[in-house]
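Below is one structure, written out as structure tokens; the observations come after it.
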Amino acid sequence: MTLELRNLTKVFGGRGKPIVRAVDNVSFTIAEGETFGLLGESGSGKSTLARMIPRLIEPTAGEIIFQGNPLTHLNERDMRNVREQIQMVFQNPFSSLNPRMTVRELIGEPLLIHKRASGAALDDQVRDMMKLVGLNPEHTNRFPHEFSGGQRQRIGIARAIILNPKLLILDEPTSALDVSVQAQVLNLLIDLQRSLKLTFLLITHDLSVVRYMCDAVALMYLGSIVEQGNVNQIFKQPKHPYTQALMRDIPSTNPAQRMLEHVSLEADIVSAPWSGQGCRFSPRCPAAQIGNCKTVEPPLIPVGDGQLGACHLIQPQVNQN
Ligand SMILES: Nc1ncnc2c1ncn2[C@@H]1O[C@H](COP(=O)(O)OP(=O)(O)OP(=O)(O)O)[C@@H](O)[C@H]1O
Ligand SMILES: [Mg+2]
């Protein structure tokens, strides 16, 4: 399994409504078996990006290539087959489960929809799945309100994996849960990833979740990736002023970067809106007074060892030849 996004874009609005470029020209590749973290503040476009992958939201432009196959031109029937392989787990296990359905119906529904099993065979699979995610298989006739938040998220995970998918898109899977329960659900996900050979796209705004779970990380800001790298690069040598502000307590020996560490994120996206010109982070970046920051949008370029950054102030990768 590999997933490649090429220049994926979603524009909402138009026809009298304000235009929002929720996802703006995003490209990245997720390798088989890895956990790719998508990190960003509220409103940065994470959920919109995630929902475009199985085409629950239609992209405005760009391409989604899943296991070598472009998805954007598939018809509904072919797309249904692809959706068996790409499943989502949502943030809120309270609102994402139909309160009138039993656990058996909730976990078994994908099998019915995709005509994989029914009757006693379905019951068996549901019970196996409940055991796998740490639920009591005798509770198949209970309703969501009879479970705790963590148990409900286990139901959501069981629903997502019962069709044996390749890619799980986890949109803030633990942010609605008590801290004490979060680690249990994350550990369940790690176990399932190993035993079922799953690939994860994990959306979060929680740095500790990124550090615990992810191999690669992309930072999204106002619809665009501003930095990308492996988890060590992002935590130990962040290059973009936005990432550095997030990781502020990490010391740097490079004087130029030390200056960038004085970035203040006191202003938020609302109080310092982007004009649409120049770097989208420039209204909040105190270092953005020089050169092209206010006029030219910095492209996402290699900044060393596979790390990527979109900032006029970071040195591009030096060619070794
Ligand atoms: N259906 C829609 N119509 C218009 N604008 C939308 C729609 N869905 C999302 N947006 C806008 O697109 C932007 C990105 O929203 P999105 O929900 O993808 O962000 P997010 O990163 O998932 O945020 P959060 O962390 O709060 O979940 C926001 O400005 C949002 O208001
Ligand atoms: Mg979201």
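The numbers here are math on the coordinates, done by the rules we state, and not lab data. Treat the numbers as computed from the prediction; the structure is a model and nothing was measured. Cβ sites come from the backbone with ideal geometry, for glycine too, and all protein chains shown count toward neighbours.
Give the residue from PHE94, GLN67, SER47 lying farthest towards the positive end of the charge dipole for the range 46-114; charges sit on Cβ (+1 for Lys and Arg, -1 for Asp and Glu) and the dipole is referred to the Cα centre.
Value: PHE94.
What number, rounded to the nearest 500 deg cm²/dmol, is the helix-based mean residue ellipticity at 222 nm of the chain, given -39500 (n - 2.57) per DSSP H run of at least four residues and division by all its residues?
Details: 10 runs with 98 residues, N = 321.
Only helices count here, giving -9000 deg cm²/dmol.
Structure shown: which of LYS166/LYS239; LYS131/LYS166; LYS115/LYS166; LYS17/LYS294; LYS17/LYS239 lie over 29 Å apart, alpha-carbon to alpha-carbon? Numbers along the way, then the final one.
Details: LYS166/LYS239 32 Å; LYS131/LYS166 20 Å; LYS115/LYS166 19 Å; LYS17/LYS294 27 Å; LYS17/LYS239 36 Å.
Beyond 29 Å: LYS166/LYS239; LYS17/LYS239.
By how many nm would the segment from GLN67 to SER42 lengthen if fully extended, with 0.36 nm per residue of separation less the alpha-carbon distance? Mind dumping the intermediate values first?
On the way: separation 25, 0.36 × 25 = 9.00 nm, distance 3.00 nm.
In short, 6.0 nm is gained.
What is the Cα centroid distance between the range 60-103 and the range 164-194, reported in whole angstrom?
Cα centroid to Cα centroid, the span is 18 Å.
Semi-axes of the equivalent ellipsoid for the chain, please: Cα gyration tensor eigenvalues, times 5, square-rooted, ordered largest first, whole Å. Write out the running numbers ahead of the final one.
On the way: eigenvalues 289, 89, 68 Å².
Sorted largest first and rounded, they come to 38, 21, 18 Å.
Once amide H atoms are built 1.01 Å from N in the peptide plane, which residues 5 or more positions from LYS10, or in another chain, come under 5 Å H to H?
For LYS10, whose amide H was placed from the backbone, the distant partners under 5 Å are ALA22, VAL23, ASP24, ASN25, THR60.
Sequence neighbours fewer than 8 away in the same chain don't count; with that in mind, list the lysines whose C-alpha is under 17 Å from LYS46.
Answer for LYS46, where 17 Å is the Cα cut-off: LYS10, listed by chain and number.
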